[in-house]
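Scroll down for the structure; my scribbles are underneath it.
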Amino acid sequence: MKVFARLLALLVLLLAAVPGHAALPSPAPGRLSVYFLNVGQGDAALIVSPTGKTVLIDGGPPEAGARLAARLRELVKGPLDLVILTHPHLDHLGGLRAAVKAVGAKRFMDPGFDHPSEAYRDLLDFVGHEVGQVMSPEPNPQAPQTLLTVGLGEGVALTVLWPRVPQESFLANTRSDPNANSIVTKLTYGKTAFLFTGDSEPPTEEVLLQKPVDLTATVLKVAHHGGKHSSTAAFLERVKPQAAVISCGVGNDYGHPSPEVLGRLRDVRARAFRTDQDGEVLAVSDGTTVTLRSTKGTGATSLSGTQQAGSPVALGPIQPTPHGRSGRSTEKEPEPGAPRTRTPVEPPAPASASEATGERYVSLKGSKVFHRESCKTLKRSKNERTVYTSRADALRERRPAEDCHP
């Protein structure tokens, strides 16, 4: 037994010494650090500005909560200055409660897009009690043709490109309205920039392409975990990313990232990093260059910033783009500068005839999603399954699958 214990200890030491597998370093003083955290099939990114200002964008799925909290304790001193939930889906909001409990937060922002998810409503109730200010990314009422920008010190700025309610209505009747109304932000520092896209959809990209906005970015956080519908060729041509980070889980149910998106990234010569293969990814900017490395990588990648230092994100007045009806709630607008509060919205009536006639919903064992009972995916699988008699019951434990959109 003693020999076995010694061999085991030696093996642990050897594994710890393997190059490229060590934990990434803490934020460097005077540098902009962006951590694309490895949360499995979900999204979470931590921004630490040169002055120590911190922004967490999304929190991954519930099962990543403990790991996310532990990593934030290592990287963050004091409460987060801002937490952004890009949209109300479980793989982006599930770990936020653990994150806020671990280090605290001063402000919370989300699109304000109504969604019947119980997990989302519970999160809003939690942040309403635990976070000082709950807000939506609406433009300044005194300057509605400008974009909302959050200063992070030393010339670092985070600009919200979408949504722009109430100046513009939420996108509606898309493939996924919650995804299409994801908060899209651009982080700029000197000649370098990062674009965070949540799970935005092609209609989101189309709206952004119509606006006088500089979309170019040194590093792109790829939309929707590399799903085939987003990251269209036209959008990537405007963004011109030198590197692209895809946050997805090992062997996920969706086949993310898709071959189509990987091909389009190659077409624009963007170096792709994947959390399922590379682990956590760290990008550090000095305002002129960005250096990327990952926990499983073999070396660092350096990129030169191509933007004109200090150039504005908005290249002109932002005019409303006509599209769809608004999905916004009927809550009262707060006074300018006042904290936003939200009343959780009751789930809407069934949206389809199949729900009205009592169609059941099914989740396969080990899966985080649920399907319509008629979905072809279920017919191909022999795994054990859980059956829900209502969509509301399924939403309490799972998120909707993308193949059949239950």
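Take the residues in segment 223-240 that are part of a loop (DSSP other than H, G, I, E, B) and in contact with a Ser or Thr (Cβ under 7 Å, 6 or more places away or on another chain); name whichever of them is nearest to S302 (Cα to Cα).
First, pick out the residues of segment 223-240 that are part of a loop (DSSP other than H, G, I, E, B): 227-232, 240.
If we keep only those that are in contact with a Ser or Thr (Cβ under 7 Å, 6 or more places away or on another chain) as well, we get 227-228, 230, 240.
On the way: G227: 26, K228: 28, S230: 26, K240: 16 Å.
Filtering segment 223-240 for residues that are part of a loop (DSSP other than H, G, I, E, B) and in contact with a Ser or Thr (Cβ under 7 Å, 6 or more places away or on another chain), the one nearest to S302 (Cα to Cα) comes out as K240.
Okay, residues lined up against (1) surrounded by fewer than 22 Cβ atoms within 10 Å (Cβ to Cβ); (2) free of Cβ contacts under 8 Å to residues at least 12 places away in the same chain; (3) outside the structural domain of L364 (by TED's automatic domain parsing):
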position: N252; (1), (2), (3): yes, no, yes
position: R266; (1), (2), (3): yes, yes, yes
position: R271; (1), (2), (3): yes, no, yes
position: D276; (1), (2), (3): yes, no, yes
position: S285; (1), (2), (3): no, no, yes
position: T291; (1), (2), (3): yes, no, yes
When G60 is run through (1) outside any helix (DSSP H, G or I); (2) in contact with a strand residue (DSSP E or B) (Cβ under 9 Å, 6 or more places away or on another chain), the failure sits at (2)
Hey, could you check segment 218-231 for residues that are touching a Leu at 6+ places or on another chain (Cβ under 9 Å) and of a type in the set (S, T, Y) and say which is surrounded by the fewest Cβ atoms within 10 Å (Cβ to Cβ)?
T218
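Residue-wise test of (1) farther than 26 Å from V250 by Cα; (2) without any contact (Cβ under 8 Å) to a residue 40 or more places away in the chain; (3) surrounded by fewer than 24 Cβ atoms within 10 Å (Cβ to Cβ); (4) of a type in the set (A, V, I, L, M, F, W, C).
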| residue | (1), (2), (3), (4) |
| --- | --- |
| E168 | yes, no, yes, no |
| N173 | yes, no, yes, no |
| S176 | no, no, yes, no |
| A193 | yes, no, no, yes |
| F196 | no, no, no, yes |
| E206 | yes, yes, yes, no |
| T216 | yes, no, yes, no |
Which one of L147, L152, L161 is under 24 Å from T204 (Cα atoms), buried (at least 21 other Cβ atoms within 10 Å of the Cβ) and over 18 Å from the mean Cα position of the chain (by Cα)?
L147
Can you confirm whether segment 199-216 contains a residue that is under 21 Å from A44 (Cβ atoms) and aliphatic (A, V, I, L, M)?
no
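Take P144 and tell me if it is free of Cβ contacts under 8 Å to residues at least 24 places away in the same chain, farther than 19 Å from I47 by Cβ and not acidic (D, E). Break it down into steps so the answer makes sense when it comes.
Values: free of Cβ contacts under 8 Å to residues at least 24 places away in the same chain: yes; farther than 19 Å from I47 by Cβ: yes; not acidic (D, E): yes.
The answer is yes for P144.
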Scan segment 294-306 and give yes if some residue there is hydrophobic (A, V, I, L, M, F, W, C), at pLDDT below 95, part of a loop (DSSP other than H, G, I, E, B) and outside the structural domain of N38 (by TED's automatic domain parsing), otherwise no.
no
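The values are calculated or read from the model by the stated rules, or taken from the named source; none is laboratory data. Note that this is a predicted model, so its numbers are computed, not measured. Reconstructed Cβ throughout: ideal geometry from the backbone, glycine too, with neighbour counts over all protein chains shown.
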